[in-house]
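First the structure, in the form of structure tokens, and then the observations on it.
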Amino acid sequence: MEKSVKITLIIVGAIILLALIGLSAVSLLAPVSTANTISANGMSELSVVPDKVSLNFNVETKGSDAKEATDKNSEIVDDLITNLVKQGFNRADIQTSGFSVYEDFVWTQNTQRSVGFKATHQIIVKMNTSQTDKIGDAIDAGIDANATLSYINFELSQDLENKYKAQAIEMAAKDAKTKAESLARGLDRQLGKLISVSDSSFNYSPWIYYDSVASSGGIAELKQAATNIQPSERTISASVSVVYSIR
């Protein structure tokens, strides 16, 4: 009799344990209720003045083989760098942003024909916005070396971009919280704990002053205009989404 009672208790205990495990699994798999939550999107905008200017040069050369195309390209790039240094630019501010060598083809009567090799080299020259009077000097250095000016950007240095990004996201987060609090008060509820937050976007990109593809003017007109460049304020923005519980 005593033995059967023990077996019964063991069976009952096992059943209870399995039931508890089952309830835990159901609670984990069940979707979180959103009936007592509030969602809000926060936005922010900052007016900033770029502190950097970058001039982007392209050097393109052709040759019967890859070496000839590369050698011709290197000669022009060396001349460009030498000219820029003579104009007072620091070597550290002259950087390569891209380089490639490939076989060039043309199509004639639905037939592909090799016309040699092409080498392209992209060079960026960076300066502070306080040095915009030197843009004309940089353009001259490129022209004298037979390089092509592709475009001119006004942009933020990495330090400033990081600083403004932090400010914009913080402002957007505060805006989202304010909106959530207002929604809760309007519903005669109180804001509870923060359930989730996501950084939706941070909008920033360099501002193009000159683009060789889109420009209708020549280099002479560009140099004349460059002497009067005054960097103006630009707007960057951020958005943040939040979900709060309410009580």
Can you tell me which residues in segment 49-72 are within 30 Å of the chain's Cα centre (by Cα) and over 13 Å from Asp144 (Cα atoms)? Val49, Pro50, Asp51, Lys52, Val53, Ser54, Leu55, Asn56, Asn58, Glu60
Would segment 47-57 turn up any residue that is within 30 Å of Ala180 (Cβ to Cβ) and surrounded by fewer than 17 Cβ atoms within 10 Å (Cβ to Cβ)? yes
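Kindly indicate whether Ile229 is assigned to a loop (DSSP other than H, G, I, E, B) and surrounded by 12 or more Cβ atoms within 10 Å (Cβ to Cβ). Talk me through it step by step, then tell me what you get.
Numbers: assigned to a loop (DSSP other than H, G, I, E, B): yes; surrounded by 12 or more Cβ atoms within 10 Å (Cβ to Cβ): yes.
Yes.
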For Ala172, which of the numbered conditions (1) small (Gly, Ala, Ser); (2) surrounded by 14 or more Cβ atoms within 10 Å (Cβ to Cβ); (3) part of a strand (DSSP E or B) fails to hold? (3)
Leu183 open to solvent by less than 30 Å² (accessible area, probe 1.4 Å), part of a helix (DSSP H, G or I) and of a type outside the set (Gly, Ala, Ser): no
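Every residue in segment 99-139 that is within 30 Å of Val48 (Cβ to Cβ), at pLDDT below 95 and open to solvent by less than 50 Å² (accessible area, probe 1.4 Å), please. Please lay out each step first, then the result.
Kept after step one, since they are within 30 Å of Val48 (Cβ to Cβ), are these residues of segment 99-139: 122-139.
Those left that are additionally at pLDDT below 95: 126-139.
Hits for segment 99-139 are Met127, Thr129, Thr132, Lys134, Ile135, Gly136, Ala138, Ile139.
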Which of the residues belonging to segment 84-105 are β-branched (Val, Ile, Thr) and without any contact (Cβ under 8 Å) to a residue 24 or more places away in the chain? Val85
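The values are calculated or read from the model by the stated rules, or taken from the named source; none is laboratory data. These figures come from a predicted structure and were not determined experimentally. Cβ sites come from the backbone with ideal geometry, for glycine too, and all protein chains shown count toward neighbours. To get the accessible areas, we keep the full protein, side chains included, count just its heavy atoms, and leave off ligands, DNA and RNA. Shrake-Rupley method; radii C 1.70, N 1.55, O 1.52, S 1.80 Å.
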